[in-house]
Amino acid sequence: MSKLKRLSLGWGILPVAIFLAIWEIVARLDLIPGQFFFPPFSIVMQEFYYLTANGVLGHNFLSSLTRVLIGFCAGSIAGIAVGIIMGWRDVINKALNPIISLLYPIPALGWLPLLMLWLGIGEALPITIIFICSFFPVLYNTVTGIRNVDKDFIQVARTLGASDTKILTTVVLPLAIPNIFTGLRLESGMAWRVIIAAEMVAIPTGIGALLMKAESLIRIDIIIVCLIVLSVMCLSFEKFFAYMEAKLTTKWR
Amino acid sequence: MAVEFTDHAACAYISQDKGWFEEEGLKLTAYESYVTGMALAAALARGDIEVAYICLVPAINAYANAGVPIKIVAGTHKYGYGSVVNPNKIKTVNDLEKPDIRLGCVSEGGAVDVILHKTIDKYHLSEDKILNNIQRMNPPKQVLAIKMGQLDAAFLPEQWATMAEEFGFEMLLMSQDVWPEMQGSVLVVKEDLIRDHPEVVRKLVKVSQKATNWENQHPDEAAEVMARQLQVVGGSLFPAEAAEVAAKLEITSQVLLRSMARLEYTTAIEPKVVQETIDYIAKLGYIKSSFNAEDILDLSFLEK
């Protein structure tokens, strides 16, 4: 690792370390009234270890992760597929755009009461919520990406004798990828935020359900552990897609 | 002072109705009602409350998990929880395991949730099958869900369990079937109240004993008082979460009379039963580790 990279990493970690040190000191010195409402970072980490060792965190985490992966992958694939068709075929875009424009602004969690009645409480519920959460933004970004491709490129390819399919796969989609990835990146983090909220309201397993259980047992340390897991997962998913975006789109940017 | 919005806290509601707190020179600066013991435990932990009539299990949670310095100075009743079911769908306890059965229960850490686990243990039911089917909601919401046909079984505290019978549900198991000698609610006070004002605690226990004796001697009148307190006087007492539901559900004196007959009102409390409760909720993982019941009990006021 170059000296510059190490220095940059150090500067990234330093504020976090200072924040954690202040947290520990403030909690240990009981500077905030009600010590049990503000446990030290070390106690939270101790609970993190305990929850990991006894499998509670792993079990709930896997439940949430599975729902996010299934819902997000299905929503994204559907969003990209429909987005490509809408972006590529003007007539389909004109037909579907009014419906999409009406449905897109509804927050994913707004569907929850309706889906609870339609689907009941079960695995289908959080997966469908994540599907909706991912589908519309990815669709919107895909359509935008495709429709924003410079028409001159398409014209040149057509002049050179490329078929519609060839133009779509070799010209339009590569140029739309940055937009598509922006949608995927943003929604990958959002999927975690939404799943936690859905599990808090209606699902008996997952990190959100563990949060609610901790709330009713007045276990602040477990609540903070869950929030840390949520934060790390949002960040990891977003970073993964940012990395993939950079990797795949550098030459088109 | 805080109480649960159930007939578990009958001695507090009756004392309030009869003016016995004032008679003893106890001037309550606040008298708040909470839908669940967990909500009340959280209020205790925040420091808002000095005296509470609360179910034993959330009181232990508040003490062990949030470090709230409280002491149990008296009991209020034994039992007071039950599982009610749709008799068309559930005939036996084992039917609770069926995948299409929609179960309701309060959040983890409530006394009813502990009864749910005791039921699973006693009847060797599948924890996975039961817990994966549970919808967590507070008692009034469960009763409303029953009324709307959205639940097939519910684990409820009294008076909500008896109210569910009004909608065609039947009592499958009462707490005494599942956990003989189960301690229901208790009177808890902050440790500093005992230290700084022991005479206040003595009076609180005295009023509780008086009200408990009275409700045992006058069950019909006690039910009417409770109906009045929960339904009519409730304007200011109703917790916001319960108000909307309570407006749709009538808590009548007849229902309360049946419900209160299912509880054994007594201020006596067995340290052995409290210890059993502590050990059991530690086994469930609701508190980090078990502790000695004597640490949370101060029965000296009861003995005097």
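The values are calculated or read from the model by the stated rules, or taken from the named source; none is laboratory data. Remember, predicted model here, so these are calculated numbers, not experimental data. All Cβ positions, glycine included, derive from the backbone under ideal geometry; neighbour counts span all protein chains shown.
Tabulated values for the structure
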read-out: Unique residue being of a type outside the set (A, V, I, L, M), buried (at least 16 other Cβ atoms within 10 Å of the Cβ) and over 22 Å from A:Val91 (Cβ atoms) when the list is A:Thr142, A:Thr128, A:Thr159; value: A:Thr128
read-out: Filter result (within 14 Å of another protein chain (Cβ to nearest Cβ), out of contact with any Gly (no Cβ under 8 Å at 6 or more places or on another chain) and more than 10 Å from B:Val84 (Cα to Cα)) within segment B:142-180; value: B:Met148, B:Gly149, B:Gln150
read-out: Number of the condition not met by A:Asp150 [criteria: (1) in contact (Cβ under 8 Å) with a residue 24 or more places away in the chain; (2) surrounded by 13 or more Cβ atoms within 10 Å (Cβ to Cβ); (3) more than 14 Å from every other protein chain (Cβ to nearest Cβ)]; value: (2)
read-out: Qualifying positions in segment B:129-175 - surrounded by 24 or more Cβ atoms within 10 Å (Cβ to Cβ) and among the aromatic types (Phe, Trp, Tyr); value: B:Phe155, B:Trp160, B:Phe169
read-out: Those residues of segment A:163-188 which are closer than 14 Å to A:Trp88 by Cβ and among the small types (Gly, Ala, Ser), in sequence order; value: A:Ser163, A:Ala176
read-out: Failed condition for A:Ala17, given (1) over 26 Å from A:Ser188 (Cβ atoms); (2) within 14 Å of chain B (Cβ to nearest Cβ); value: (2)
read-out: Residues of segment B:128-166 that turn out to be over 20 Å from B:Asn94 (Cβ atoms), free of Cβ contacts under 8 Å to residues at least 60 places away in the same chain and out of contact with any strand residue (DSSP E or B) (no Cβ under 9 Å at 6 or more places or on another chain), as a count; value: 2
read-out: Hey, B:Gly109 at positive phi and either among the polar types (S, T, N, Q) or touching a helix residue (DSSP H, G or I) at 6+ places or on another chain (Cβ under 6 Å) (or both) or not; value: yes
read-out: Selection count, segment B:285-302, where residues are buried (at least 17 other Cβ atoms within 10 Å of the Cβ) and either within 14 Å of chain A (Cβ to nearest Cβ) or outside any helix (DSSP H, G or I) (or both); value: 6
read-out: Hey, B:Ile120 without any contact (Cβ under 8 Å) to a residue 12 or more places away in the chain, within 14 Å of B:Leu173 (Cα to Cα), hydrophobic (A, V, I, L, M, F, W, C) and away from chain A (no Cβ under 11 Å) or not; value: yes
read-out: Failed criterion for B:Val245 (all others in (1) buried (at least 18 other Cβ atoms within 10 Å of the Cβ); (2) at pLDDT below 90; (3) closer than 14 Å to B:Asp17 by Cβ; (4) aliphatic (A, V, I, L, M) hold); value: (3)
read-out: Number of the condition not met by B:Val189 [criteria: (1) over 30 Å from B:Lys91 (Cα atoms); (2) in a helix (DSSP H, G or I); (3) in contact with a Lys or Arg (Cβ under 8 Å, 6 or more places away or on another chain)]; value: (2)
read-out: Residue match in segment A:43-63 (condition: among the hydroxyl-bearing types (Ser, Thr, Tyr) and surrounded by fewer than 13 Cβ atoms within 10 Å (Cβ to Cβ)); value: yes
read-out: Residue check, B:Tyr13 modelled with pLDDT of 90 or more, of a type in the set (Phe, Trp, Tyr) and not in a helix (DSSP H, G or I); value: no
read-out: Sole residue being within 14 Å of chain B (Cβ to nearest Cβ), assigned to a helix (DSSP H, G or I) and in contact (Cβ under 8 Å) with a residue 24 or more places away in the chain, chosen from A:Ile228, A:Ile218, A:Ile224; value: A:Ile224
read-out: Residue that is nearest to the other protein chains (Cβ to nearest Cβ), among those in segment B:22-63 that are buried (at least 21 other Cβ atoms within 10 Å of the Cβ), aromatic (Phe, Trp, Tyr) and touching a helix residue (DSSP H, G or I) at 6+ places or on another chain (Cβ under 7 Å); value: B:Tyr34
